[in-house]
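Asks: I'd like to ask some things about the structure below.
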Amino acid sequence: MSRPLRIPKPQTPLHLYRHLLREASYLPPPARPFIDKQIKDRFARARDDTEDRSAKHIREAHHDLRYLRAANAGDMARMRRVLFLAFGRLGRRRRELMSDLVLRDVPTDTEALEKYAAEAYAIASENRKIDWLDSWDVEKLRRFARSQVEAELNNSPKPPLTIHQTVPAKAIPAENSWGRPLAPKLYRTKLKKLWKAVADKCMPPLPREEWETLRAIEEETVQGRWLPPPRRALARSISRDGQGGRRWDWQAYAVKPVAVVDRPANRRNKLLTGALDDNTPTSDPQPIGCHNYTRRTWRRMMSDVWQLSATLEKKPSGRNWDIAWGGTVFRPPPATATPGAMEFFKDFPQPETDRKPGGTREKRG
């Protein structure tokens, strides 16, 4: 069973930065690149912030450090979310992958160029301005959304998609509440809102290399190291001062309610705070929801991520896309009788048909 960390709180931004990078080094290697890049990018962007914004960002970084420590210490729910963030099922990377998904391809032949010109002429004939939906490849998004519906994803962090949502134009009424034709501007606004709802529920495709890595982990054919490294033992003081017991903070109990003072040492919060609980007969009990990560546990969590991931590649003809999802729905084959079971039907008479080959019913009696 893992134990929560008891490490002093970092006091300076540089100390906090090193703690975050060190904690990210204990994640599985396939998930580390994005988390490392996220930490470095956030600190780089906040380098020239004002004092107020810097204090806000430092508070957020402390929260993220507690989150990572709890995930590495055995909080499976938080670790699952960290993996979703790393592989683009949630958060910033998901938005980046969705931007790549809806991006229009550059016309490479005459047919594609003529199609692009026809769409531009249609926009001009409608007498409206070009908006963000015009820059989306809605046909590619529709096909990908349909494939996600057919894949029947389980345990998705987003609400499920339905087949009707992949055709937003059919959900827009032709008339308003007064029975008049819908205004073109209102129709366009509703259409953009519905397409945005479809994009918000999509699990964008991963690069082929990452998808194959997740597949190899699930099939246990992965080459190289993919399990997180073991954590180094914490340094312990050998001085006489380090052998003494902890000091009792009686002042906190004098001015605050007991529930507030003992909240960090609560079994539900110990993975986040690392606080000791000396007020119970069992002497610092285990935190709630603390799991011991094994190879099988990591493989199952990676398999969950793989089943929510897909790859998208254009076919050689250039007219459609090949979409492959990580998980396949189990559909059992039709039940057939074994040779041993067929002996019970050996002497069973064949049923007589009441119809002649011509289709007329035979008369009885």
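Asks: If contacts are Cα pairs under 8 angstrom and at least 6 residues apart, what is the relative contact order of region 106-201 in percent? Walk me through the numbers before you get to the answer.
Replies: Numbers: 42 pairs, mean separation 22.1, N = 96.
RCO, region 106-201: 23 percent.
Asks: Now a separate question. What nm distance separates the two modelled labels at Ala252 and Asn320, each placed 7 Å from Cα along Cα→Cβ?
Replies: 6.4
Asks: Taking the number of other C-beta atoms within 10 Å as the exposure measure, put Leu90, Leu214 in order starting with the fewest.
Replies: Taking fewest neighbouring Cβ atoms as first place, the list is Leu90, Leu214.
Asks: Moving on to the next point. Give the aspartates and glutamates reachable from Lys37 as a straight Cα distance under 20 Å; neighbours fewer than 8 places away on the same chain don't count.
Replies: Reachable aspartates and glutamates: Glu23, Asp48, Asp49, Glu60, Asp64, Glu96, Asp100, Glu209, Glu210.
Asks: Can you put Leu14, Leu308 in order, fewest other beta carbons within 10 Å first? Don't skip to the answer; put the middle values down first.
Replies: Numbers: Leu14 10, Leu308 25.
Ranked by crowding around the Cβ, least crowded first: Leu14, Leu308.
Asks: If you don't mind, there's one more thing I want to ask. Quick one: Debye curve from the alpha-carbon atoms of region 106-201 only, equal weights, vacuum; give me log10 I(q)/I(0) at q = 0.16, 0.21, 0.23 Å⁻¹ to two decimals.
Replies: So the normalised log intensities are -0.84, -1.15, -1.22.
Asks: Next question, about the same structure. What's the FRET efficiency of Asp36 with Ala197 using the Cβ-Cβ distance as r and R₀ = 41 Å, to the nearest 0.05? Present the calculation step by step, with values, prior to reporting the outcome.
Replies: Numbers: r = 33 Å, r/R0 = 0.80.
So, using R0 = 41 Å, E works out to roughly 0.80.
Asks: Let me ask something additional. In region 106-201, if the dipole is taken from +1 on Lys/Arg beta carbons and -1 on Asp/Glu beta carbons about the Cα centre, which of Leu153, Ala174, Ala117 is farthest to the positive end?
Replies: Farthest towards the positive end: Ala174.
Asks: Leaving out same-chain residues fewer than 8 places away, which lysines sit with a Cα under 22 Å from that of Lys315?
Replies: Cross-link targets: Lys115, Lys140.
Asks: Ala324's amide H: which non-local residues (gap 5+, or another chain) put their own amide H closer than 5 Å, with H modeled 1.01 Å from N in plane and none for Pro or chain starts?
Replies: Those lying under 5 Å, H to H, from Ala324 are Thr311.
Asks: Could you list Val305, Val255, Val260, Val138 in order of exposure, starting from the residue whose Cβ has the fewest other Cβ atoms within 10 Å?
Replies: Val255, Val260, Val138, Val305
A short reminder: the numbers here are calculations on the coordinates, not readings from a lab. A quick note: this is a predicted structure, and the numbers were derived from the prediction, not measured. All Cβ positions, glycine included, derive from the backbone under ideal geometry; neighbour counts span all protein chains shown.
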